[in-house]
Amino acid sequence: TEYDLDGSVPHTLYLQQSYDGINFSESARAEADPQLLGDLMVYEEEPFEVIEPEVVIAEEVVALPEAEVVAEPVVAVAPAAVATPPAPKAKAKYYTTITVGGTFDYQFSNELAAYSPYNLKAGIGLNFNNIVGLNKAMGVGFSVDAAYSPYMQNSYTWTQAGKDLMKFKFGDIFQNFDHALDVSAAVMLNMHASKVAFDLGVGGFFVWGPEFKAGSGDKWHMGALAKASLAYRFNKTISVGIAGKYGVVLSDMSGKKFEDLPMFAEGSLFMGFSF
């Protein structure tokens with residue numbers, strides 16, 4: 001291919017081939033006729049578009065100031081109060097006491113005219129303490145007492161009884177007493193501290209004997225009484241104490257005023273055994 005040839009004039013091209021650079025083949029010829037300028041294609045030169053490189057603007061991450069986080073104080077929420085049932089109140093503990101003791105009896109009136117106003121008794125008691133507990137130190141109980149009650153006849157005296165005792169005349173002593181059984185019962189208010197027990201109560205009594213001579217001529221009489229006792233407890237089992245009774249005979253009222261009714265008072269010493 002040849003460039004920069006004048007196309008307005010004819011051209012002839014001769015071509016020979018050689019395989020060794022010495023011997024050549026016959027010439028081949030090619031002719032080219034001149035071309036008119038009007039036949040030439042005129043190519044409109046397109047404007048060259050200059051592509052400018054895009055300017056890449058680096059995106060800079062602008063750190064915005066962080067809003068200050070203010071920690072709000074945590075308000076402690078108190079747990080909801082759970083309603084609990086009230087604890088049961090401590091109650092006085094129930095226990096039973098057996099008492100053994102002696103009693104001095106004094107008759108205020110002459111209702112028992114056949115006997116001395118001064119008499120002695122020997123008895124036992126059974127106390128059911130704090131059957132119903134009221135609180136830690138108080139309760140309601142019940143007591144029963146039974147006593148052997150020999151009433152000295154007016155024809156005999158305690159001085160003579162002492163002399164007969166010194167002479168071992170037990171038969172004479174026994175014959176000068178009318179023998180009876182005394183039974184009483186009372187509802188008691190039991191009040192106990194650590195070592196001390198104090199009891200108050202009201203109840204009734206009944207006295208009977210085959211030889212007993214009541215004011216009415218009967219072999220028995222009965223009435224109402226008030227009772228109190230104070231005991232010291234050495235331990236849970238053994239105690240000693242004193243007790244008192246005040247009674248009114250109601251079985252022989254027969255139109256008498258209350259102040260004219262036969263009355264008596266008793267004082268006792270006892271030993272108690274609790275369980």
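Only the Cβ atoms of Lys and Arg (+1) and of Asp and Glu (-1) were treated as charged; on that basis the dipole of the range 95-274 about its Cα centre amounts to roughly 640 debye.
By other beta-carbon atoms within 10 Å, ranking S274, S155 with the fewest at the front produces S155, S274. Shape of the range 95-274 from the C-alpha gyration tensor: oblate (a/c of 1.5 or more and a/b not above b/c, with a ≥ b ≥ c the square roots of its eigenvalues). Ordering R29, R233 by the number of other Cβ atoms within 10 Å of each residue's own Cβ, fewest first, gives R29, R233.
Each Lys or Arg adds one and each Asp or Glu subtracts one; over the other residues with Cβ under 15 Å from the Cβ of G203, this totals -2. Taking the number of Cβ atoms within 10 Å of each Cβ as an exposure proxy, the fewest-first ranking of K236, K136 is K236, K136. Near S239: Cβ cut-off under 14 Å, other residues only, Lys/Arg at +1 and Asp/Glu at -1. The net charge is +2. Here K167 is the anchor, and the lysines within straight C-alpha reach of less than 30 Å, apart from those fewer than 8 places off in the same chain, are K121, K213.
Taken together, the values in this text are just the output of simple stated rules run on the coordinates, not laboratory data. If you're wondering where the values come from, they're calculated on a predicted model, not measured in any experiment. Using ideal geometry, Cβ is built from the backbone for each residue, glycine included, and neighbour counts are taken over all protein chains shown.
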